Each structure stands twice: as structure tokens, then as C-alpha cells.
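The values are calculated or read from the model by the stated rules, or taken from the named source; none is laboratory data. Since we're looking at a predicted model, the values are computed, not measured. Cβ atoms come from the backbone with ideal geometry, glycine included; neighbour counts cover every protein chain shown.
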Amino acid sequence: MFSTRLSVRAGLDLRNRYEPKGGFNAVTLKIRLPDGGIYGQNGKLDYISPTVATNTDTITVRGVVPNPLLPGVLPNSPAPRELFDGEFVTVLIEGVEPITVLAIPRAVVLSDQQGDYVYVVDAQNKAQRRPIQLGQSTPSTAVVSAGLKEGELVISEGLQRVRPGETVSPSPATPPPPISPEVGRGCRERHALRRAEGDTMISAVFVDRPRLAVVIAIVITIAGLLALTRIPVAQFPDIVPPQTVVSATFPGASAAVVEASIAQPIEAQVVGVDKMIYMKSTSGNDGSYSLTVSFVLGSDPDINTNAVNNRVQTAVAQLLRKSSWRG
């Protein structure tokens, strides 16, 4: 006798499925031993707890499995039976009668905000979107509980290029070639070929050949890194406009005095100089003054400096004698 925990969803599914067929008698228990083998004796359920564990959302079930003495082993010898207390095993719950389900490859099932769907081929060989509902599935196989019928054609390859209403050429699914575990690790399984008629998209070449796409991407990256070391940086176009800076000091003057005595006369002369875009000035309480004149891109910095200097010299006569110039 043993007990184990079963999810509530699985328990309800078992009840709804086997209650009309005899309840406990319609379910068989099998045990997978630690070495992966199946225990030779089948068991039966005999009790299901009415309490649900709130922390795990599971219920406790109990079953009885025969555990006879091993042939040729005395009862008092160590481990006279194949099952012993504390042994770690896996319990499998199977129905006496097999259940037929509609299954498709898991890779053909797509999902969006509206739910799961697949692309099917209608009588006119056109791809149509079909919403489906999934039952208990495995990572490789999807069990469809609603939305598909037996015999319908499901598009299983080239899904990136399929659009609703697009004409396709259906063909039988090609089984994957036998590949050894060492070589086949990471290989993509191909189930069927569904190519759109007249498909001339360049991306299809790289979708079907991922290794080619990776190699080309690596080559382009290496070529870009090599070219980066040979680009003539001196030929890059100017992105910052050329500037000319004028600075002056008026010892002991406040910012307001500098503004009235130095900034206004100079800016009145400099404004409007040839090819000027804008100018910016700052006056400080330490008697400092700075004027930055920006010119259009492509203008000669030397000519711009001379033009500003000529305007500043015109304003020098209007300045106080105590001011000293720099720049």
C-alpha cells in the first residue's frame, strides 16, 4: 500500500473520464522503478482524500500494489521483495481502456492574444487560420480538444511565410531522418512541407538555412570591425558649427556692471557679422565676461575670427579704460 499526491486538475479529469466506466476499477496503477524499468505487478486505487492541500493544490490518493516475495529468496533475508520501504519510484495512472485523442506536432501551434491557433488547408488549397483548444499536451505533441477534425490538413512548416487566404501546395508530411543523439542534438525536426505558390521572398532562404544565416552574420560583423580601423576619420563631415570666443575682465565689477559696461557695447557691434548663426554671452560677479559666436557649417574659422575681431576693436573705444582684454 502506498499514497501519493495528485493535482486537482488531474484528479477531476480522471473522475470525469472514468467514473461512468467503473471508477476505481477502470484505472490501473503501474510503477516505474529507479532503474527505469516497469514493475511487473499492477495496482488499484482504493482511496481518494476529500481534502485539497491549499499550498500545492493537490489531493492525496492511495493505492494497493502486490509486492510478493522474490523467487528463491527467504522471507527473513535482506530485501526479500522488489519494493521496499523508502524506495523512490514513479507512479503511473493509466486507464484500462485506451483513450483516442486528436494530436498534432506541438511546433505547429501558434499563440497570440486571442489564444492558440493553427493554419489549416481548405478545399481550395488556401491557408486559413483556425482557433483551437488544447488538452493535456507534452513538449512535442499537442492534444487538441476542440477546433480540429480528423483528416484536416494542418500546415506544419513555413509558418513564418503563411498568410490567411494564401494558396499553398499541400504534400504528405516527411518523417525526420534518423539521427544519432550525438549528432542530432539541437537539430530542428521537420514535420511537413507547406510552401506558398510563387513564394520568392529572399528571407525564405535564410529561414530554411539557419546555419547559412549565422555564418553570413558573422562574416558581416568581422568585415565591419576591420573596416572600422580603416575609415578616414579626417573626412568625416563637421557636425558642430565653428565658434569664436571673446573674453574680457573688469576687476571689481559686478555682473550687472559688466553687462552694462562691456557686454552691451561689444554685442551691439558683433551682431550681424557675416555668416553668424547665433551668439551667447555670460557675465560673472567676479568681473569676467565671455562671448561665444557660432557660424554656419563650412565657414572658414580664420575668416570668422578676423571678422569678429574687427567688430570688437570698433567697440573698444566705448569701453572703460580699466577693462583688460584677452583672446
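General observations
- Looking at the stretch 182-269, the helices (runs of 4 or more DSSP H) lying wholly inside it that each contain 3 or more residues that are modelled with pLDDT of 85 or more sit at 210-228, 255-258.
- Any pair with Cβ under 6 angstrom, 6 or more apart, that starts in the stretch 221-246 at a residue that is over 30 Å from residue 271 (Cα atoms) and ends at one that is at pLDDT below 85 and surrounded by 10 or more Cβ atoms within 10 Å (Cβ to Cβ): none
- Flag if residue 290 is out of contact with any Phe, Trp or Tyr (no Cβ under 7 Å at 6 or more places or on another chain) and assigned to a loop (DSSP other than H, G, I, E, B): no
- The number of residues in the stretch 102-160 that are outside any strand (DSSP E or B), of a type outside the set (A, V, I, L, M) and over 27 Å from residue 206 (Cβ atoms) comes to 13.
- Taken over the stretch 268-308, the criterion of being within 25 Å of residue 251 (Cβ to Cβ), surrounded by 12 or more Cβ atoms within 10 Å (Cβ to Cβ) and of a type in the set (S, T, N, Q) is satisfied by 269, 281, 282, 283, 288, 290, 292.
- Strands (runs of 3 or more DSSP E) completely within the stretch 1-76 that count 1 or more residues being touching a strand residue (DSSP E or B) at 6+ places or on another chain (Cβ under 7 Å), modelled with pLDDT of 75 or more and closer than 26 Å to residue 135 by Cβ: 27-32, 44-53, 58-64
- The combined condition, being within 36 Å of the chain's Cα centre (by Cα) and among the β-branched types (Val, Ile, Thr), is fulfilled by residue 121.
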